[in-house]
Every structure is written in structure tokens, then in C-alpha cells.
Amino acid sequence: MSLAENYFTRANDLLARAWAANAPVLAGLAPVLGGSIARGGVIHVFGSGHSEVVAREIIGRAGGLVCVTAMPDPTGGFIENLPGYGTRLAERYDRQYQLRAGEVLIAISNSGKNCSPIEVALHAKARGLAVVALTCLAMSRATPSQHPSGKKLFEVADHVLDNGGVPGDAIVEAGEGVMAGPTSTLIGCSVLNWLMLGVVEWLRQNGHTPPLLRSQNLPGAIEHNRALGQKYAGRLSRQLA
């Protein structure tokens, strides 16, 4: 079996397991996010380092909700373990775009041990937001926290989504004990899409029109998207939206 085929087989098995493990949490989260959106709220997403790629999956894209926006880290995660940096990041974002009570923050960190996502989550909780962690529980439980509190992201969040990965993320033996083929992006993005679809379904079932973006390559889509965005003027960060 080739490395690629090995990855295909194992990753799809992990993906199926992630669906089964997260389905109850996703069902419970749909009304939380849906209710916030129905009240005019924004969904805030933060991912430090490579987790920013996962966050980008549901921001400003065709078929996605317009009211999802990113809390960007201009260092790209370079100083994510500097105590206090995540708090300052969240405070600055809060001043610019507002973290409002009753809204939702999704904090993404595969390891769940680094300072920035933990501090962002704690700031959001203090502001009255519901905090959702997307993490790898196996990885998080296997490594010590870098935050002064000693806590991991899953321990400070209100709701936890598990990407079902393995410690170290990579799943394929590439020779000489070296592993390749990470799964946190593949499965993390899938989990977020499952969540967004659950929210869309909840909105429709409860009499609300989901504010879904269209591909700008389709006729009339740019005008449609601009009209949707007017409701959230000043609330959506331009860095990733």
C-alpha cells in the first residue's frame, strides 16, 4: 500500500469516527449558533498558527454564512506562547469589531495547550460569549499546558469538538520512525462545515433565512453578497473576511 493510499484509508476512518463522536455536540450547538445569528449576532473564529487555515474554511466563502468572521493574529502564531499576548489580541479585536454577550467564539487549536487560544477563549467568556473549542483531545491530554493557569483549551470552553486526531497529528509511517500525513486540517474543516450546515438547517426550521454567500463567479452574486454584508457593517474583520 502506498503512503497516499494508507493516508486515504486511515484518514477516512478517522473522519467517520469524528462524525460519530461529534454528532451529539453538533446537534446541541446548532441552536446556540443559530439563535445568536437570528438575534443579529456574529460568529467569531480564532485559530493560531496553522489552525488559522482551519478557521479560514468558514469565513467569507461561497455557500458559507456571511456573519462568520476571524480574529486575526498578525504574527501568524509566532508568539502564541507569550503569556498575555492572546489577551491583548482579543482586547484589540474587541475594540475594533466588538465581542457581544450572547454571541459565539470558536477557538481552534490542535494541541489545545498554547497560550493564545486559551486567553482568547477566556476573554470571550468574560465578555459573555459562548466558547466552542475545536481541538484534538488525544493530543491535548498528552501534553502539558503552556498557559500559566495550567489549563488546556478544552477545559475552559463551554462546548468541545474533537477532531479525533492522534498526538503529533501525522498518521502515516514514512520510514525510520518519521510520521507524515496530518489530519487536523482535513477533519477540522469537515467538523466546521458540519456545524455550519447544522446552523443553516436550524435557521430554516425556525423561520429564518440563512444569510448565505454565493460564489462571486455567478451572475449577480457580488451584489447579493454586498447586500448581505450591509447588516454587519463594522463587525467583520477585513483580514480574512
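So in segment 1-49, with the set limited to residues that are of a type in the set (S, T, N, Q) and under 16 Å from the mean Cα position of the chain (by Cα), which one is surrounded by the fewest Cβ atoms within 10 Å (Cβ to Cβ)?
To start, the set of residues in segment 1-49 that are of a type in the set (S, T, N, Q) comprises 2, 6, 9, 12, 22, 36, 48.
Among the residues that remain, those that are also under 16 Å from the mean Cα position of the chain (by Cα) are: 22, 48.
Details: ASN22: 22, SER48: 28.
Looking at the filtered set, the residue picked out is ASN22.
Residue-by-condition table, conditions (1) closer than 18 Å to ALA157 by Cα; (2) in contact with a Ser or Thr (Cβ under 7 Å, 6 or more places away or on another chain); (3) at pLDDT below 95:
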{"residue": "GLY49", "(1), (2), (3)": "no, no, yes"}
{"residue": "ARG61", "(1), (2), (3)": "no, no, yes"}
{"residue": "LEU65", "(1), (2), (3)": "no, no, no"}
{"residue": "VAL68", "(1), (2), (3)": "no, no, no"}
{"residue": "GLY86", "(1), (2), (3)": "yes, yes, no"}
{"residue": "TYR93", "(1), (2), (3)": "no, no, no"}
{"residue": "GLN96", "(1), (2), (3)": "no, no, no"}
{"residue": "GLY102", "(1), (2), (3)": "yes, yes, no"}
{"residue": "ASN110", "(1), (2), (3)": "yes, yes, no"}
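Considering only segment 13-49, state which residues are in a helix (DSSP H, G or I), within 28 Å of ASP94 (Cα to Cα) and small (Gly, Ala, Ser). If you could, list the steps in order and put the result at the bottom.
The initial filter retains those residues of segment 13-49 that are in a helix (DSSP H, G or I), namely 13-38.
Pick out the ones that are also within 28 Å of ASP94 (Cα to Cα) and you get 25-26, 28-38.
Selection gives GLY28, ALA30, GLY34, GLY35, SER36, ALA38.
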Applying the selection to segment 193-208, what residues are small (Gly, Ala, Ser) and more than 22 Å from the chain's Cα centre (by Cα)? GLY207
Can you run down the residue pairs with Cβ atoms below 6 Å, 6 or more apart or on separate chains, where the first is in segment 212-235 and under 13 Å from VAL42 (Cα atoms) and at pLDDT 95 or above and the partner is surrounded by fewer than 16 Cβ atoms within 10 Å (Cβ to Cβ) and small (Gly, Ala, Ser)? none
Scan segment 195-231 for residues that are crowded, with 16+ Cβ neighbours inside 10 Å and either β-branched (Val, Ile, Thr) or under 16 Å from ALA30 (Cβ atoms) (or both) and jot them down. LEU195, MET196, GLY198, VAL199, VAL200, TRP202, LEU203, PRO210, PRO211, LEU212
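The values are calculated or read from the model by the stated rules, or taken from the named source; none is laboratory data. Since this is a predicted model, take the numbers as computed values, not measurements. Cβ atoms come from the backbone with ideal geometry, glycine included; neighbour counts cover every protein chain shown.
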